[in-house]
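Participant: Can you read through this structure? Questions will come right after.
FYI, it's all coordinate maths here, none of it is from the lab. Computed from a prediction, not measured in an experiment: that's the story for all the values here. As a convention, Cβ positions derive from the backbone with ideal geometry for all residues, glycine included, and neighbour counts pool all protein chains shown.
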Amino acid sequence: MGETNLFEYYQKMTGNIFVLSFKGAVSQDILVGLKEVLGNRFSLTASRDRSAPKVFSVFIELAQNVLHHSAEKVRMQSGTEIGVGIVVICEDDKVYEISTGNMIEKNRLPEIINRCDFINKLDREGLKKFYKERLKRPLQGDSKSPQLGLIDIALKSGNSIKLRAKQLDDRHSFLDVSTIIMRENENG
Amino acid sequence: MDNLRIAKTKYTVGVHFDAESGILELEGSSYPENAFDFYQPIARWIESYISETKRPIIFSLRLQYMNTSSSKCLLDLLLILERHLKSGKEVVVSWHYQKDDEDSLEAGEEYSHDTELQFKFIAN
């Protein structure tokens, strides 16, 4: 410790307006706290932003992906393991950008890339149809996830899901997932 | 049969299932860490309830934000209730939503298309 140069960090962040930035174990309690920070951001401005519910849901789906799927884990006192990662929400006068990053087993990458490619090629009607198919499909094997998250993110954001992967070692990559949501301010 | 009551939290719905009146109510937001684990006992309660009751059931939903896993679990609860309907019993789903919340109304309409249950949409 003692190596952190906060001024450099501050300067790096100044180019964007940050709604929030968090790095660490994304436990359910942290998630609730971050959601409240986000809620405060939306209650600060005078005009209501109709995109707020979309920002909330994309944020929660992405953050819960980190919680469940990050290859870097912290063991909580309760014995459960929580994924570590980074969650960043930025804004400018037109859009919100919601991003998460976390370590993942390299061999899981192709499946995630294929799924995003498939989802990004679908139009709105196609996404709705695919969502409904997955919603009705029984859970597969031992999985407790209906794998609706990415489809929902694409539907809510109305934009493509961007992936960026950086290989860390022969087993792990760092995966960065992001999307943008257009602001819909009432009264301009 | 015992009633099922689970207090609402910031990220799990409040559950008020009344065996005597047949009014089964869910209320709040739902984005637990593991939705499947949260909803499993709720699904079990409904299954055993419909196996012994002949009462009409009112499934009353006042839902706010739901994550995708919770949405899946809710459909599964509706499909259990659909079995009750198909065995000749009465089931009505009351979908309560805020007057200007079109997304919530749309979500309810989607569920009504996905099942044969009768939905009543109530704007608050």
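Participant: Which whole number gives the average count of other chain Cβ atoms within 10 Å of the Cβ atoms across peptide A:143-152?
Facilitator: 4
Participant: Would you be so kind as to identify which of A:Gly126, B:Trp45, B:Gly14 lies farthest towards the positive end of the dipole of the protein assembly as shown, taking Lys and Arg as +1 and Asp and Glu as -1 on Cβ and the Cα centre as origin?
Facilitator: Value: A:Gly126.
Participant: About the Cα centre of chain B, how large is the charge dipole given +1 on each Lys and Arg Cβ and -1 on each Asp and Glu Cβ? Please answer in debye to the nearest 20.
Facilitator: Dipole size: approximately 380 debye.
Participant: What are the lysines whose alpha-carbon lies under 26 Å from the alpha-carbon of A:Lys73, with same-chain residues fewer than 8 places away excluded?
Facilitator: Within the straight-line cut-off, A:Lys73 pairs with A:Lys23, A:Lys35, A:Lys106, A:Lys144, A:Lys162, A:Lys166, B:Lys10.
Participant: Which is farthest toward the positive dipole end of the protein assembly as shown among A:Val58, A:Asn114, A:Ile89, measuring Cα position about the Cα centre, with Cβ charges +1 (Lys, Arg) and -1 (Asp, Glu)?
Facilitator: Projecting each Cα onto the dipole axis, the largest value belongs to A:Asn114.
Participant: Here's another thing I want to ask about it. According to the Cα gyration tensor, what semi-axes, each the square root of 5 times an eigenvalue, does the equivalent ellipsoid of the stretch B:34-124 have, listed from largest to smallest in whole Å?
Facilitator: The three semi-axes for the stretch B:34-124 are 22, 17, 10 Å.
Participant: Can I ask one more? Collect residues whose amide H, placed 1.01 Å from N in the peptide plane, falls under 5 Å from the amide H of A:Val95; neighbours closer than 5 in sequence don't count.
Facilitator: Residues meeting the criterion, in which the H sits 1.01 Å from N, are A:Arg183.
Participant: Shifting gears a bit: How high is the relative contact order of chain B? Use alpha-carbon pairs under 8 Å, at least six apart in sequence, and give a whole percent.
Facilitator: Rounded, it is 21 percent for chain B.
Participant: Quick one: Debye curve from the alpha-carbon atoms of the protein assembly as shown only, equal weights, vacuum; give me log10 I(q)/I(0) at q = 0.07, 0.13 Å⁻¹ to two decimals.
Facilitator: Each listed q corresponds, in turn, to -0.31, -1.03.
Participant: Right, next: Per-residue HN-Hα couplings for the stretch B:83-98, Karplus 6.51 cos²θ - 1.76 cosθ + 1.60 at θ = phi - 60°, whole Hz, x for Gly and Pro?
Facilitator: These are the phi-based 3J(HN,Hα) values: 4, 4, 4, 5, 8, x, 9, 9, 9, 10, 9, 9, 9, 8, 9, 6 Hz.
Participant: Follow-up question, since we're still on this one. Once you have a ≥ b ≥ c as the square roots of the Cα gyration tensor eigenvalues for the stretch A:40-126, tell me rounded if a/c is under 1.5, and otherwise prolate or oblate according to whether a/b is larger than b/c.
Facilitator: oblate
Participant: Now, a different point. Less than 15 Å Cβ to Cβ from A:Gly15, Lys/Arg counted +1 and Asp/Glu -1: what total charge do the surrounding residues give?
Facilitator: Local net charge: -4.
Participant: Translational D (Stokes-Einstein, µm²/s) of the stretch A:42-185 at 10 °C and 1.306 mPa s when Rh comes from the Kirkwood sum over C-alpha pairs?
Facilitator: So the translational diffusion coefficient is about 97 µm²/s.
Participant: Taking the Cα centre as origin and putting +1 on Lys and Arg beta-carbons and -1 on Asp and Glu beta-carbons, what dipole magnitude results for the stretch A:124-188, to the nearest 20 debye?
Facilitator: Dipole magnitude for the stretch A:124-188 comes out near 260 debye.
Participant: Would you calculate a helix-derived [θ] at 222 nm for chain B, using -39,500 (n - 2.57) for each DSSP H run of n ≥ 4 and dividing by the full residue count, to the nearest 500?
Facilitator: Estimated from H runs of four or more residues: -13500 deg cm²/dmol.
Participant: All other residues with a Cβ under 14 Å from the Cβ of B:Lys89 taken together, and with Lys, Arg as +1 and Asp, Glu as -1, what is their net charge?
Facilitator: -1
Participant: Can you work out ³J(HN,Hα) from phi for every residue in the stretch A:70-82, in order, using Karplus 6.51 cos²θ - 1.76 cosθ + 1.60 and θ = phi - 60°, giving whole Hz and x for Gly and Pro?
Facilitator: 3J(HN,Hα) across the stretch A:70-82, in whole Hz: 4, 7, 9, 10, 10, 8, 7, 4, 6, x, 6, 9, 10.
Participant: Run through all the Cα pairs of the stretch A:137-188 and give the fraction in each 10 Å bin from 0, expressed as whole percent.
Facilitator: 19, 29, 36, 13, 4, 0
Participant: Related question: What's the magnitude of the charge dipole for the protein assembly as shown around its Cα centre, counting Lys and Arg as +1 and Asp and Glu as -1 at the beta-carbon? Answer in Debye, nearest 20.
Facilitator: 340 debye
Participant: Further, regarding this structure: In whole angstrom, note down how far apart the Cα centers of the stretch A:87-123 and the stretch A:1-56 are.
Facilitator: 18 Å
Participant: Still on this model: Which residue fluctuates most in the GNM of chain B (Cα springs below 10 Å): B:Lys89, B:Lys54, B:Lys99?
Facilitator: B:Lys99
Participant: Tabulate in residue order the Karplus-calculated ³J(HN,Hα) for the stretch A:6-16, using 6.51 cos²θ - 1.76 cosθ + 1.60 with θ = phi - 60°, rounded to whole Hz; enter x for Gly and Pro.
Facilitator: So the Karplus estimates, Gly and Pro as x, are 5, 5, 4, 4, 4, 5, 4, 7, 5, x, 10 Hz.
Participant: Can I ask one more? Which residue, B:Asp100, B:Asp76, B:Asp114, has the most motion in a Gaussian network model of chain B that connects Cα atoms within less than 10 Å?
Facilitator: Checking each option, the largest mean-square fluctuation is seen for B:Asp100.
Participant: OK, next. When only Cα pairs under 8 Å and 6 or more residues apart are kept, what is the percent relative contact order across chain A?
Facilitator: Dividing the mean separation by the residue count of chain A yields 26 percent.
Participant: Please list, ordered by chain and number, the residues whose modelled amide H lies under 5 Å from the amide H of B:Gln98; skip anything fewer than 5 residues away on the same chain.
Facilitator: The answer is B:Asn124.
Participant: Just to be sure I understand: with springs between alpha-carbon atoms less than 10 Å apart, which residue in A:Ser157, A:Ser70, A:Ser21 has the highest mean-square fluctuation in the Gaussian network model of chain A?
Facilitator: Largest GNM mean-square fluctuation: A:Ser21.
Participant: Another question about this same structure. How about B:Lys89: which lysines have a C-alpha closer than 23 Å to its C-alpha, ignoring those fewer than 8 places off in the same chain?
Facilitator: Within the straight-line limit of under 23 Å, B:Lys89 reaches these lysines: B:Lys54, B:Lys120.
Participant: Oh, and also: May I ask for the net charge around A:Gly158, where only other residues with Cβ less than 10 Å from the Cβ of A:Gly158 are counted and Lys, Arg are +1 while Asp, Glu are -1?
Facilitator: Local charge sum for A:Gly158: +3.
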